[in-house]
Amino acid sequence: MMAMYNMSNRKSSLVAITALILIFLSPNIGADQDKTWGITALPALSYSLGTGLLGGLLINYYHFPDPKGESQKLDTINGKIIYTQKNQFKAAATSEWFFGDDDYNLSALVSFYNYPGTFYGIGPAASEDSGEEYTPIGFDLSCALKKAILPNLYLGPVYDFSYVEIQDIESGGLLEAGDINGAGGTRISGIGAQLTWDKRDSRSFSSKGLLIDLKTTIYRREIGSEEDFFQANFDYRQFLRIYKEQVLAWQYIMKISGGNVPFRNLPPLGNNSIMRGYADNRYLDKIFSGFQAEYRFPVIWRFCGAIFGSVGQVAPDLAGFSLTDLKLSGGSGLRFAVTQEPKTNIRIDYAFSREGSQLYITLGEAF
């Protein structure tokens, strides 16, 4: 195990250095002279035990109607196409648009994936040794249309749809036994509402202000879902400029679900946004609570650094939360600003936990 861990570290270091060189050589595809819009295309390159070598393309389009004005409302489209050494494929795009003098906000996500992964079981005590391989093939779509009801406060309906087939289930595992909800694939369709208060100075690279977001979604058979359940997500982020360009940022997330939740829709612990250092979807359960903090500081030219740490836990219900086995992770990273106005970073993070380490290379901040 130690030899594998050291080999993983060497491969991660080599991939990170190669990615830095490619990023440095990647110019913007286009931008107008007034910097009101731009397009950037960048290589995606990383390595982890869960994916092996990962390669692909990241594309960012931004529209900044008034770069020198007070409004920091930024229209964006972010796309990615990735393929890994373990034959994992994903194509995804997210977008956010403001219109009607910033009175309306439209956001959307669409993705298609054929992405072999690992299911470790459900609950905070799921063993790393119990992981079983499977292949989800699916399509996700979600969108929200919100209206400003007060300055910086938006409220509106949301819709969420997902269809997934589960293939190549490992023989003799929990998924094959049929005791896990959604093990045979599922279709979900849900409607809900989202309330967002956004006082950040920038959506792409925040240095001051805060974001509070509350979203609830109900999935019912009457609107096309194969399962009846609900989810509620709370997201609090705050950013404090402590000295010149040094920023202290922190985030708290609570995700609650109930009903017949398919296992792939259970709140996860472990991804490239929070609890970095754990494998993707390492822990699953009906409730997830997590906190992370990050110190961001300038290095030289367009480079800046980050040091971060996270603590989190999953549980079947609120009464089941335990403080005796909290999951901890942390790490450091490097950022390179591919655009300055607005500032958009390529993020390279190396994170570790008691279960190993992960390398992340992606576009945009973790939060």
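Answer yes or no: is there a residue in region 189-198 that is without any contact (Cβ under 8 Å) to a residue 60 or more places away in the chain, surrounded by 17 or more Cβ atoms within 10 Å (Cβ to Cβ) and farther than 18 Å from Tyr154 by Cβ.
yes
Can you name every residue in region 319-346 that is closer than 30 Å to Gly258 by Cβ and buried (at least 21 other Cβ atoms within 10 Å of the Cβ)? It would help to see each step written out before you state the result.
Of region 319-346, the ones closer than 30 Å to Gly258 by Cβ are 319-329.
Lys327, Ser329 - these are the residues of region 319-346 that are closer than 30 Å to Gly258 by Cβ and buried (at least 21 other Cβ atoms within 10 Å of the Cβ).
With respect to the numbered conditions (1) of a type outside the set (S, T, N, Q); (2) within 21 Å of the chain's Cα centre (by Cα); (3) not in a strand (DSSP E or B), which one is the sole condition not fulfilled by Leu323?
For Leu323, the failing item is (2).
Checking Glu170 against (1) over 25 Å from Gly290 (Cβ atoms); (2) surrounded by fewer than 18 Cβ atoms within 10 Å (Cβ to Cβ); (3) modelled with pLDDT of 95 or more; (4) over 19 Å from the mean Cα position of the chain (by Cα): exactly one of these is not met. Which one?
With respect to (1) over 25 Å from Gly290 (Cβ atoms); (2) surrounded by fewer than 18 Cβ atoms within 10 Å (Cβ to Cβ); (3) modelled with pLDDT of 95 or more; (4) over 19 Å from the mean Cα position of the chain (by Cα), Glu170 is out only on (3).
Does region 307-318 contain any residue that is surrounded by fewer than 17 Cβ atoms within 10 Å (Cβ to Cβ), within 22 Å of the chain's Cα centre (by Cα) and not in a strand (DSSP E or B)?
No, region 307-318 has no match at all.
Go through (1) within 30 Å of Trp250 (Cβ to Cβ); (2) among the hydrophobic types (A, V, I, L, M, F, W, C); (3) modelled with pLDDT under 95 one by one and return the number of the condition Leu211 breaks.
(3)
So, of the residues in region 291-306 that are closer than 23 Å to Leu74 by Cβ and surrounded by fewer than 16 Cβ atoms within 10 Å (Cβ to Cβ), which turns out to be nearest to the chain's Cα centre (by Cα)? Give the steps one after another, and end with the answer.
Step one: list which residues in region 291-306 are closer than 23 Å to Leu74 by Cβ, which gives 294, 296, 298, 302-304, 306.
Those left that are additionally surrounded by fewer than 16 Cβ atoms within 10 Å (Cβ to Cβ): 298, 303.
Numbers: Pro298: 24, Phe303: 22 Å.
So, considering only residues that are closer than 23 Å to Leu74 by Cβ and surrounded by fewer than 16 Cβ atoms within 10 Å (Cβ to Cβ), the one nearest to the chain's Cα centre (by Cα) is Phe303.
The values are calculated or read from the model by the stated rules, or taken from the named source; none is laboratory data. Since the model is a prediction, treat every value here as computed from it, not as a measurement. Note that each Cβ is placed from the backbone with ideal geometry, even for glycine, and that neighbours are counted across all protein chains shown.
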